Amino acid sequence: MKIIKYVQLLLVLVSLTPLVAGANDWIVVPEQSQLNFISVKKSNVAEVHQFKSVSGQWDSKGELIVDIDLATVETGIEIRNQRMRELLFDVSQFSKATLKSFIDVQVIDELTISETVSLIVTAQLSLHGQIRPVELTVRVTKLSSDKILVISDKPTILNVADFDLIAGVEQLREVAKLPSISHAVPVSFYLTFKTSN
């Protein structure tokens, strides 16, 4: 009787093993991740900028949270970095932007190494005290058993008006003596995740 119970327990544990193995949390690897945005001034002069610090996780329940440290904005010109921090993002009050979504982590479990899947993700972006829905088209690639890469398949266009940033853009325009700065901002990214275990 004891042998039968032992075998039954073993079978239960074996059947649960795939669930446990696939129930990892995934965390962003900051040094292997980047978020870029493009500003357009004087109607047709485009410049690429980035945030140097991106963190977050994708947990076993499917909740994805990505935090962007707005104070780490990098434009290639220090005085412009400072102006964006103070005049545009107002990092003293709004230090970060946060993206939240739910994506079934089973998509990772079903991928083989080097395989890629395309997804359309609906998320909520919190920026400058405003929360707005955004739609992202991404590609998820399984780099190894413990590392994945999520990249934007195409840029996402954000409008500064949706996040109460028009006044900040106007301050930037005035201090830089520019005729115009576009209110439409293309954003792209790549995020490397590794298992937390």
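Just a few scattered comments:
- For Lys41, the lysines whose Cα falls under 19 Å of its own Cα, not counting residues fewer than eight places away in the same chain, are Lys177.
- Computed about the Cα centre, the dipole magnitude for region 103-152 is approximately 240 debye when only Lys and Arg (+1) and Asp and Glu (-1) carry charge, each at its Cβ.
- In the chain, helices alone account for a calculated mean residue ellipticity at 222 nm of -6000 deg cm²/dmol, with every DSSP H run of four or more residues adding -39,500 (n - 2.57).
- Length released on extending from His183 to Ile131, taking residue separation times 0.36 nm less the Cα-Cα span: 17.0 nm
- In this simple spin-label approximation, Glu170 and Lys154 carry label points 7 Å from Cα along the Cα→Cβ vector, and these lie 3.3 nm apart.
- Estimated FRET transfer efficiency (Ser55, Lys147; beta-carbon r; R0 22 Å; 0.05): 0.85
- Each label point was placed 7 Å from the Cα along the Cα-to-Cβ direction; for Gln93 and Ala161 their separation is 2.1 nm.
- One decimal place: the segment Ile27-Asn81 gains 16.7 nm when fully extended, by the rule 0.36 nm per residue minus the C-alpha distance.
- Dipole magnitude of region 24-195, debye to nearest 20 (Cβ charges: Lys/Arg +1, Asp/Glu -1, about Cα centre): 560
- Summarised in one figure, the compactness ratio Rg/Rh of the chain, Cα atoms and Kirkwood Rh, is 1.13.
Since every read-out is calculated from the coordinates, none of them should be taken as a lab result. Note that the structure is predicted; figures quoted are calculated from it, not measured. Every residue, glycine as well, gets a Cβ built from its backbone with ideal geometry; the counts of neighbours run over all protein chains shown.
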